[in-house]
Amino acid sequence: MSTSQTNVVVTGLGATTPLGGDWPSTWSALLAGKSGVRRLDWEDIEDLPVRFAATLAVDPSEMLPKQQLRRLDRSQAIALISAREAWRDAGFAPRARSRKDDEPAEGDVVDGDRLGVVVSSGIGGLHTALSSYDVYKEKGWSRVSPFTVPMLMPNGSSGHVGIEFGAMAGSHAMVSACASSAEAVGYAIDMIRAGRADVVICGGTEACIHPLQMASFGSMRALSTRNEEPERASRPYDKNRDGFVLGEGSATMILESEEHARARGARIYGIAAGCGYSGDAHDIVQPDPTGSGQAKAMRRAMLDAGLEPADIAHVNAHATSTPLGDVAELASLKVALGTEAAAGLIVTATKSMTGHLLGGAGALESVITVVSLYEGVVPPTANLEDPDDEVDLDIVRGEPRKLPDGPLAALNNSFGFGGHNVSVAFRRA
Amino acid sequence: MAVAASEQEILEGLADIIDEIVGVNKDEVTPEKNFIDDLDIDSLSMVEIAVAAQDKFGVEIPDDELRNLKTVKDVINFVQNLQA
């Protein structure tokens, strides 16, 4: 488990999710096996096949000044909220020290030229795009907000977070559907390893629970239609799973070179050890049924992290609760790690509680994975009552599971429409 | 607006708009203030303020006129001239 590369460590965490307005409340709800899925009481969805989703536990409009909210899509507002939490959690002063901002402040100060930002969204400002078109139709072009473009562009969150903290090393936003923010974490690791930044704010955000989005996924037959018991709808690996549950939220990690973090005495949650990518090159929405693309991403993550299959104790699976995807991932885990190492894995599927955050999923599940290692406990897979016959790995269900002591590592998998496969490897510091 | 507004009414109306859109305290909106230098209002926010002012005072502010409106007093004069 050694690598000659610069170690990249996780020093700050933030999350705004269906389970809580911040990371600690989200984590305690995860351990308690709570569901963030709720019935929607909107008037215009009566005809939709799906009338529930994992909406945010808190109202973001109560957490930011109204003038700022006018300029932010919902996805951007929650990105900013979770980035602020992670930044504070890492112990930094409110803003990086930049050319304009030299006054001393409480907390550790980063050089703005050495601070990067990578915040992804799979879709971007869908609410803004659709409501702006309504304004255009009803009131004409001149009443369309001049902030519409920055609010709907999927890189807008990265821009806003970079402005807030003074990140001048680089501002990026990977777009790869449901793998977007796992890719953001991978890119952030690379920025630090390549010496282009000492600290990177990375994560993802999504807020597109909207009738059009529900109709679109509904017409693909991708969503669960368990309208009578929404909190039980997301049930990865269960025989009676019938699709995923749309969720919204944002999660942020502060990544830092180990040298930089040690020099300032930062708390270290774990090591962001590496990342693996592959393309399925198969179908725009269906995963390659052989799972070979997903297995390649996992193998490449281990290679990048200097890890062997035997080092991997835990996997936070992509597992969205679709009939085919969940068990296909288990098959590819066995291909990637070998049958013996896979049999020893402790696997969980936290989308059973959070719903599927799409572009925010990879970041949230990365946070969950690194904290699972740090705290030594893995949240359960909720609603797993009657496992599918093809489930032959150790899935955590019912109660949280303790992890063994020692130098463990874990993988977080994220797979997106378009055949984007990303696996992020973490290990204990 | 049926009856032409006084200078004070226009100032107060404008201060309400600026407070609503960019969060500048109403007391800070005084005639001599420059939008960019004194009130820290950027060009896109200025477009929003102009649209709101058009609705509130019932006047048209063409884009090439907007560029000339540098201070709060400039807007007050512009609105009064059109209402006269």
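Quick notes
- Every residue from the range B:33-60 that is outside any loop (DSSP other than H, G, I, E, B), crowded, with 16+ Cβ neighbours inside 10 Å and more than 14 Å from chain A (Cβ to nearest Cβ): B:Phe57
- When restricted to residues that are buried (at least 23 other Cβ atoms within 10 Å of the Cβ) and not in a loop (DSSP other than H, G, I, E, B), the range A:107-125 contains 6.
- Of the residues making up the range A:30-51, none is over 30 Å from A:Thr225 (Cβ atoms), without any contact (Cβ under 8 Å) to a residue 12 or more places away in the chain and not assigned by TED's automatic domain parsing to the domain that holds A:Leu403.
- For the range B:1-15, filtered to residues that are open to solvent by 20 Å² or more (accessible area, probe 1.4 Å) and free of Cβ contacts under 8 Å to residues at least 40 places away in the same chain, the residue that is farthest from the other protein chains (Cβ to nearest Cβ) is B:Ser6.
- Residue match in the range A:103-113 (condition: in the same structural domain as A:Val199 (by TED's automatic domain parsing), within 24 Å of the chain's Cα centre (by Cα), on the phi < 0 side of the Ramachandran plot and at pLDDT 90 or above): no
- Among the residues of the range A:348-377, those that are open to solvent by 10 Å² or more (accessible area, probe 1.4 Å) and part of a helix (DSSP H, G or I) comprise A:Tyr374, A:Glu375.
- Evaluating A:Phe52 against the criteria (1) of a type outside the set (Gly, Ala, Ser); (2) open to solvent by 40 Å² or more (accessible area, probe 1.4 Å); (3) more than 14 Å from chain B (Cβ to nearest Cβ); (4) more than 22 Å from A:Ser366 (Cα to Cα) leaves one unmet condition, (2).
- On the stretch given as the range A:152-163, residues that are in a helix (DSSP H, G or I) and open to solvent by 20 Å² or more (accessible area, probe 1.4 Å) total 4.
- Residues that are at pLDDT 95 or above and touching a helix residue (DSSP H, G or I) at 6+ places or on another chain (Cβ under 6 Å) within the range A:127-143 comprise A:His127, A:Thr128, A:Ala129, A:Ser132, A:Val135, listed in sequence order.
- Here A:His282 clears all of (1) in the same structural domain as A:Gly359 (by TED's automatic domain parsing); (2) on the phi > 0 side of the Ramachandran plot; (3) open to solvent by 20 Å² or more (accessible area, probe 1.4 Å) except the condition numbered (2).
- Some residue of the range A:21-44 being in contact with a Lys or Arg (Cβ under 8 Å, 6 or more places away or on another chain), more than 22 Å from A:Gln76 (Cβ to Cβ), open to solvent by 10 Å² or more (accessible area, probe 1.4 Å) and not in a loop (DSSP other than H, G, I, E, B): yes
The values are calculated or read from the model by the stated rules, or taken from the named source; none is laboratory data. All values derive from a computational prediction rather than experimental measurement. Cβ coordinates were reconstructed from backbone atoms using ideal geometry, including for glycine residues, and neighbour counts include every protein chain displayed. Side chains are part of the model used for accessible areas, which takes the heavy atoms of the whole protein and leaves out ligands, DNA and RNA. Shrake-Rupley method; radii C 1.70, N 1.55, O 1.52, S 1.80 Å.
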